[in-house]
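The values are calculated or read from the model by the stated rules, or taken from the named source; none is laboratory data. Note that the structure is predicted; figures quoted are calculated from it, not measured. Quick reminder, even Gly has a Cβ in these numbers, built from the backbone with ideal geometry, and neighbours come from all protein chains shown. The area values use the complete protein model at the heavy-atom level, side chains included, leaving out ligands, DNA and RNA. Shrake-Rupley method; radii C 1.70, N 1.55, O 1.52, S 1.80 Å.
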Amino acid sequence: MNENDVLWLDDHRVVSLHELVEVSGLREEELLDLAHSGALPSRAAPGGEIAFSARVVTMARTACRLRDDFELDTRGLGVALRLLERVQDLEAEISRLRAQLPRF
């Protein structure tokens with residue numbers, strides 16, 4: 001994958017560990033630590049390899065920025081990613097609930 005390639009970030013596209021290393025800015029060890037801790041959802045690929053949904057690319061890039069900006073280790077990144085995911089879930093729930101409110 002090179003910088004001119006387009007990467008569709010949907011649940012159907014599977015990204016290998018090597019591809020995620022290339023596009024995320026994180027090292028393989030960091031990605032594996034985050035995957036094993038559950039902070040980055042992974043899936044089994046043929047041959048026993050680890051793979052990821054393309055949606056994980058955004059999470060991994062966010063983790064890279066957090067690591068660089070706040071000098072976090074992988075445990076700190078895992079906590080930060082889980083908190084960000086929780087905030088996003090809560091924001092989505094608030095939006096859903098607001099949509100159900102009657103308009104005056």
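Per residue, the chain exposes 71 Å² of solvent-accessible protein surface, assessed with a 1.4 angstrom probe and all protein chains in place. In the chain, the convex hull through the Cα atoms has an average projected area of 8.8 nm², a quarter of its surface area. Among residues other than residue 67 whose Cβ falls under 13 Å from its Cβ, what is the net charge (Lys/Arg +1, Asp/Glu -1)? Value of the local net charge: -3. Each Lys and Arg contributes +1 and each Asp and Glu -1, all at the Cβ; summed about the Cα centre of the chain, the dipole is approximately 640 debye. Each helix, a run of at least 4 DSSP H residues, gives -39500 (n - 2.57); summed and divided by the residues of the chain, these come to -18500 deg cm²/dmol at 222 nm. Span-like helix criteria (full DSSP H runs; alpha carbon extent of at least 18 Å along the helix axis; mean Kyte-Doolittle hydropathy of at least -1.0) are satisfied in the chain by 56-70, 74-100. Surface composition of the chain: carbon plus sulfur atoms contribute 53% of the solvent-accessible area (1.4 Å probe, protein chains only, all chains present).
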